[in-house]
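Working notes for the structure below.
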Amino acid sequence: MEEPPRPTLFDFHGVSMIKYFTDNWDNLQNFKARPDDILIATYPKAGTTWVSYILDLLYFGQTSPQHQTSKPLHERVPFLESIMPPHPTGTELADKLPTSPRLIKTHLPVQFVPKSFWEQNCRVVYVARNAKDNAVSFYHFDCMNKLQPEPGDWDSFLNRFMEGKMVFGSWYDHVNGWWEKQQTHSKLHYMFYEDLVEDTGAQIDRLCSFLGLSPSAEEKERITTGSQFDNMKKDKMANYSTFPLMDFTVSPFMRKGKVGDWKNHFTEAQSQHFDEDYKTKKMMKNPTLTLRFRTEL
Ligand code: A3P
């Protein structure tokens with residue numbers, strides 16, 4: 001198959017986007033959520049796949065274990081806004097999903113989420129990751145994924161990250177917009193990648209109490225162990241090795257899974273500049289959120 005050219009970023013209602021996430025806009029905005037749908041929302045590279053995997057195991061690990069070995073995770077948890085012909089769109093996949101509840105993934109900034117999710121009072125799990133590791137992970141992803149814009153070199157990528165000129169826009173706006181949403185939508189569970197790395201079991205407990213689930217101790221242990229980085233990396237149904245437009249010789253999807261890998265990429269000058277810029281961002285002045293981000297454990 002001939003490779004499509006890399007997409008270019010454009011301004012879409014004030015947010016940088018690419019056509020693969022805007023071309024299905026009317027269907028997306030009219031998407032009919034169901035009250036038991038669970039929306040997994042993240043800025044790209046914050047741990048979406050990890051949390052999707054955990055939720056899928058929590059809901060379906062016991063009732064349909066064949067599911068996990070036969071269907072790639074991106075089909076079990078459709079990517080709502082995606083439109084990449086000839087593949088079915090995210091809304092089509094979600095409409096056809098036979099499971100109950102439906103687990104649905106999105107990277108949309110909060111203001112773009114179809115309104116039926118709010119009208120139906122759906123549960124939402126949001127995962128945030130510290131900006132430095134998030135930027136490093138995003139850079140490697142854009143290098144290996146031909147469906148993303150050309151990343152350029154690391155320094156120019158980092159500057160674009162600070163300017164918010166990334167697919168799905170500014171990290172700073174994204175994590176803040178979703179944080180603020182908790183004030184009007186109580187069924188929103190806001191988690192941090194770093195907390196998950198530090199103590200996966202404790203975070204699964206918190207997720208379960210949010211979702212009203214009570215797995216047995218053995219089941220919980222199975223999920224905690226099964227979702228550890230090395231195990232997921234080996235799982236062909238979750239590691240994206242079935243995805244043709246990702247070049248794993250450049251970087252694997254399951255790359256490192258660490259907190260603090262940014263130290264291997266940022267120069268001292270880049271780190272200082274990034275920290276100074278961070279402090280100037282108006283939305284990063286809310287200490288209840290900013291203090292929750294950890295760049296090392
Ligand atoms: P790195 O590139 O830093 O390794 P997303 O799923 O949102 O695209 O995020 C991908 C990032 O989450 C990658 O980060 C990936 O390695 C990491 N990740 C995925 N599964 C993980 C796990 N089980 N434990 C830790 N990190 C995980």
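The values are calculated or read from the model by the stated rules, or taken from the named source; none is laboratory data. Just so it is clear, the model here is predicted, and its values are computed rather than measured. Cβ coordinates were reconstructed from backbone atoms using ideal geometry, including for glycine residues, and neighbour counts include every protein chain displayed.
When each of Met246, Met191 is tested for being modelled with pLDDT under 95 and touching a strand residue (DSSP E or B) at 6+ places or on another chain (Cβ under 8 Å), the lone residue that passes is Met246.
Limited to region 124-160, what total is found for residues that are more than 16 Å from the ligand (Cβ to nearest atom) and either farther than 23 Å from Val110 by Cα or surrounded by 22 or more Cβ atoms within 10 Å (Cβ to Cβ) (or both)? Summing the residues that are more than 16 Å from the ligand (Cβ to nearest atom) and either farther than 23 Å from Val110 by Cα or surrounded by 22 or more Cβ atoms within 10 Å (Cβ to Cβ) (or both) in region 124-160 gives 6. Considering region 259-291, and only residues there that are part of a loop (DSSP other than H, G, I, E, B) and buried (at least 16 other Cβ atoms within 10 Å of the Cβ), the residue that is farthest from the ligand (Cβ to nearest atom) turns out to be Lys281.
Kindly establish whether Lys256 is among the charged types (D, E, K, R), part of a helix (DSSP H, G or I), under 25 Å from Arg76 (Cα atoms) and within 20 Å of the chain's Cα centre (by Cα). Explain how you work it out, then say what you get.
Numbers: among the charged types (D, E, K, R): yes; part of a helix (DSSP H, G or I): no; under 25 Å from Arg76 (Cα atoms): yes; within 20 Å of the chain's Cα centre (by Cα): yes.
Answer is no for this residue.
When His74 is tested against (1) at pLDDT below 95; (2) within 14 Å of the ligand (Cβ to nearest atom); (3) surrounded by fewer than 20 Cβ atoms within 10 Å (Cβ to Cβ), exactly one condition is not met: (3). Scanning region 91-125 for residues that are part of a loop (DSSP other than H, G, I, E, B), under 16 Å from the mean Cα position of the chain (by Cα) and among the β-branched types (Val, Ile, Thr) yields a single hit, Val113.
Say whether the condition of being under 24 Å from Leu55 (Cα atoms), buried (at least 22 other Cβ atoms within 10 Å of the Cβ) and either within 14 Å of the ligand (Cβ to nearest atom) or among the charged types (D, E, K, R) (or both) is met by at least one residue in region 161-169. Step through it out loud before you land on a result.
In the first step, residues of region 161-169 are kept if they are under 24 Å from Leu55 (Cα atoms); the result is 168.
Filter again for buried (at least 22 other Cβ atoms within 10 Å of the Cβ), leaving 168.
Keeping just the survivors that are either within 14 Å of the ligand (Cβ to nearest atom) or among the charged types (D, E, K, R) (or both) gives 168.
Scanning region 161-169 turns up at least one residue that is under 24 Å from Leu55 (Cα atoms), buried (at least 22 other Cβ atoms within 10 Å of the Cβ) and either within 14 Å of the ligand (Cβ to nearest atom) or among the charged types (D, E, K, R) (or both).
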